[in-house]
Amino acid sequence: MNPKTPSKLEQILASGQLAVTSECGPPRGSNGDAIKKKAEIIKNHVDAINITDNQTSVTRLCSLAAVIRLKLMGLEPILQMVTRDRNRIALQSDILGAASFDIHNILCLSGDHQQFGDNPKAQNVFDIDSMQLIQMVRLMRDEKKFLGGDDLERAPEMFVGAACNPFADPFEIRARRLAKKVAAGVEFIQTQCIYNLDKFELWMKQVRDMGIHEKVYILAGVTPLKSAGMAKYMKNRVPGMDVPDEVVKRMSGVSKDDQPEEGIKICVESIQRLKEIEGIRGFHIMAIEWEERVPEIVEKAGLFPRPAVASEPFSL
Amino acid sequence: MIVAERKPLEEIIGFIKDYKKILLVGCNECVTVCYAGGKKEVAILASALKMAFLKEEKELEVKEVTLERQCDQEYLEEIRSIVDQYEAIVSMACGVGVQFMAEKYQTMPVYPALNTLFMGGAEEMGVWAERCQGCGQCVLGQTAGICPITRCAKRLLNGPCGGSTKGHCEINKDVPCAWQLIIDRLKALGKLDDYDNLMPIKDWSAERSGGPRKIVREDLRQ
């Protein structure tokens with residue numbers, strides 16, 4: 001697949017090299033340096049950095065402002081956008097705002113329901129869903145049109161991504177659901193955190209049988225476990241998360257002090273095994289409030305150094 | 001039908017605490033069927049209000065009436081001759097009935113005794129559930145007869161989100177995942193391939209977003 005945008009992530013994927021992305025959650029306040037600090041830790045070990053958009057519906061500094069901060073640092077951000085909080089007018093407007101700062105990657109999501117966050121009494125929007133957001137960005141980029149049909153000037157040049165959770169139910173349509181996103185125009189996928197590798201392999205087989213792996217770059221999502229408690233929490237409390245008993249057992253089987261190391265080990269082993277799966281084109285390392293361990297995971301997984309592709313220079 | 005439930009007694013007392021004579025009006029339609037505002041509930045609320053006033057050493061006269069429909073001009077006329085004898089009306093109809101009542105009797109204070117909840121039906125005795133949000137552009141023909149706008153907490157049109165677990169919605173284990181239901185039924189109908197069609201971006205102008213809705217049927221107008 002030839003790159004269609006100036007996205008550094010797209011160049012790397014198109015070159016056939018495994019890509020590595022990670023994410024930073026913006027702060028719960030207006031301290032922009034918090035984002036910078038997190039990014040500094042991981043910047044040499046990843047190709048692009050996702051900025052989450054009010055994840056788990058907890059109010060935070062907005063993803064749009066945060067990606068601009070990364071861009072000004074010379075880094076390659078991925079703008080996450082959920083359809084929960086903004087209608088099609090606000091989404092298009094924010095996409096143009098991001099494009100005006102030459103943000104070249106977007107991740108189109110519907111978003112967690114607001115009842116999980118700090119404003120459970122809020123109205124939700126869901127004017128469009130994640131697939132329709134994908135279609136909308138592609139329309140703006142490829143046809144240079146607003147959704148309302150008008151022409152737009154200086155179209156956004158964004159590499160269009162989405163998430164995918166192979167572990168949610170009903171399992172039988174999860175590959176077909178990905179096919180729908182591909183039909184909508186998605187170009188890269190970051191999956192939900194993978195702990196159940198057997199099930200993931202089964203899903204990837206379905207994906208390959210449908211030929212989808214040749215139409216979209218799939219980045220396997222991994223999250224290192226910090227403790228046995230976190231493993232149990234993810235298993236029992238996070239909807240759509242599949243943490244097998246063996247993983248919980250393995251984390252519980254070592255002393256509390258050794259659990260972080262065990263978590264990193266499991267993560268690195270997972271990446272090694274995922275590398276062998278046909279159709280996996282890279283990794284998305286979601287180290288939740290644990291950015292300092294990302295470089296080590298990347299190195300131990302044999303994904304370092306990263307390819308030397310410079311981001312487009314950008315300054316105000 | 002429209003499903004409603006009674007407001008807490010304290011809230012209703014708060015509306016009428018300064019009155020001595022009220023007209024308590026039930027409705028014989030939906031709210032009777034869902035045991036919220038029919039003749040029986042009018043009688044129960046009337047007793048409860050009178051007892052609450054007595055406790056405060058106050059008196060309250062309550063006239064109990066249940067109309068065939070409060071969303072119908074014709075039936076609202078039935079109380080015209082007695083309305084003036086009371087200081088306020090408490091309506092046990094849905095929000096439509098309360099407003100029609102207020103429009104009909106411009107100089108009478110009208111208070112709601114119910115919270116109007118949704119358009120739905122009884123899944124079993126004592127259990128009512130929502131089925132329709134009146135979006136004005138029915139999609140049931142594309143979704144195996146199950147409404148994702150009503151029954152998916154994110155009103156997703158293109159399939160289950162990543163939080164669907166063992167048939168349940170991510171917001172609550174007691175809420176079935178609408179898309180699990182749709183997929184199951186598409187399968188039962190032998191039409192699972194229909195799932196592969198991308199549902200277009202929805203026109204919400206026929207819904208609440210487009211402003212208050214109205215239908216004018218010239219063929220019926222007098």
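Which of the residues belonging to region A:108-137 are more than 9 Å from chain B (Cβ to nearest Cβ), surrounded by fewer than 23 Cβ atoms within 10 Å (Cβ to Cβ) and out of contact with any Asp or Glu (no Cβ under 9 Å at 6 or more places or on another chain)?
A:Gly117, A:Asp118, A:Asn119, A:Pro120, A:Lys121, A:Gln123
Among the residues of region B:150-208 satisfying the criterion of being acidic (Asp, Glu) and not in a loop (DSSP other than H, G, I, E, B), which is nearest to the other protein chains (Cβ to nearest Cβ)?
The residue in question is B:Asp196.
Tally the residues that are assigned to a loop (DSSP other than H, G, I, E, B), open to solvent by less than 30 Å² (accessible area, probe 1.4 Å), of a type in the set (A, V, I, L, M) and farther than 30 Å from A:Leu13 by Cα, restricting the search to region A:219-278.
Selection size over region A:219-278: 0.
In region A:186-200, what residues are open to solvent by less than 10 Å² (accessible area, probe 1.4 Å) and touching a residue at least 40 places away in the same chain (Cβ under 8 Å)? Reasoning before the result, please.
Let us first name the residues in region A:186-200 that are open to solvent by less than 10 Å² (accessible area, probe 1.4 Å), namely A:186, A:188-191, A:193-194, A:200.
If the condition is that a residue be open to solvent by less than 10 Å² (accessible area, probe 1.4 Å) and touching a residue at least 40 places away in the same chain (Cβ under 8 Å), then A:Val186, A:Phe188, A:Gln190, A:Thr191, A:Cys193, A:Ile194, A:Phe200 are the ones that fit.
Among the candidates B:Ile12, B:Ile22, B:Ile44, B:Ile16, which residue alone is assigned by TED's automatic domain parsing to the domain that holds B:Val90 and open to solvent by 20 Å² or more (accessible area, probe 1.4 Å)?
When all the criteria are applied, what remains is B:Ile44.
Regarding region A:149-157, can at least one residue be identified that is more than 15 Å from the chain's Cα centre (by Cα), buried (at least 22 other Cβ atoms within 10 Å of the Cβ) and facing chain B (nearest Cβ under 10 Å)?
no
Could you tell me how many of the residues in region A:31-45 are more than 19 Å from the chain's Cα centre (by Cα) and either assigned to a loop (DSSP other than H, G, I, E, B) or among the basic types (Lys, Arg) (or both)?
3
Just one of B:Glu78, B:Glu57 is in a helix (DSSP H, G or I), open to solvent by 20 Å² or more (accessible area, probe 1.4 Å) and out of contact with any Pro (no Cβ under 8 Å at 6 or more places or on another chain); which is it? First the steps, then the outcome.
Numbers: B:Glu57 fails: in a helix (DSSP H, G or I).
Result of the check over B:Glu78, B:Glu57: B:Glu78.
Only residues in region B:121-138 that are within 16 Å of B:Val31 (Cα to Cα) count as the first member; pair them with residues that are open to solvent by 80 Å² or more (accessible area, probe 1.4 Å), Cβ under 9 angstrom, at least 6 apart or cross-chain, and list the lot.
Cβ pairs passing all conditions: B:Gly121/B:Arg131; B:Ala122/B:Val33; B:Gly126/B:Tyr35; B:Trp128/B:Glu5; B:Trp128/B:Leu117; B:Ala129/B:Glu123; B:Glu130/B:Leu117; B:Glu130/B:Met119.
Conditions (1) aliphatic (A, V, I, L, M); (2) within 18 Å of the chain's Cα centre (by Cα); (3) open to solvent by less than 40 Å² (accessible area, probe 1.4 Å), marked per residue:
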| residue | (1), (2), (3) |
| --- | --- |
| A:Asp47 | no, yes, yes |
| A:Ser57 | no, yes, yes |
| A:Leu64 | yes, yes, yes |
| A:Gly74 | no, no, no |
| A:Pro77 | no, yes, yes |
| A:Met81 | yes, yes, yes |
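So which residues in region A:190-220 are farther than 10 Å from A:Pro166 by Cβ and within 13 Å of chain B (Cβ to nearest Cβ)?
A:Gln190, A:Cys193, A:Met210, A:Ile212
Has region A:201-214 got at least one residue that is over 19 Å from A:Phe171 (Cα atoms), exposed (fewer than 15 other Cβ atoms within 10 Å of the Cβ) and at pLDDT 95 or above? Outline the logic, then answer.
Just the residues of region A:201-214 that are over 19 Å from A:Phe171 (Cα atoms), to begin with: A:214.
Those left that are additionally exposed (fewer than 15 other Cβ atoms within 10 Å of the Cβ): A:214.
Now restrict to residues that are at pLDDT 95 or above: A:214.
Yes, region A:201-214 contains at least one residue that is over 19 Å from A:Phe171 (Cα atoms), exposed (fewer than 15 other Cβ atoms within 10 Å of the Cβ) and at pLDDT 95 or above.
For B:Pro212, state whether it is open to solvent by 30 Å² or more (accessible area, probe 1.4 Å) and either over 21 Å from A:Lys180 (Cβ atoms) or part of a loop (DSSP other than H, G, I, E, B) (or both).
Details: open to solvent by 30 Å² or more (accessible area, probe 1.4 Å): yes; either over 21 Å from A:Lys180 (Cβ atoms) or part of a loop (DSSP other than H, G, I, E, B) (or both): yes.
Yes: the conditions hold for B:Pro212.
Restricting to region B:96-139, what's the tally of residues that are surrounded by 14 or more Cβ atoms within 10 Å (Cβ to Cβ) and in a loop (DSSP other than H, G, I, E, B)?
Residues in region B:96-139 being surrounded by 14 or more Cβ atoms within 10 Å (Cβ to Cβ) and in a loop (DSSP other than H, G, I, E, B): 8 in total.
The values are calculated or read from the model by the stated rules, or taken from the named source; none is laboratory data. Computed from a predicted model, the values in this text were never measured in an experiment. Note: ideal-geometry Cβ built from the backbone for every residue, glycine included; neighbour counts use all protein chains shown. Side chains included, ligands, DNA and RNA excluded: accessible areas come from the protein's heavy atoms. Shrake-Rupley method; radii C 1.70, N 1.55, O 1.52, S 1.80 Å.
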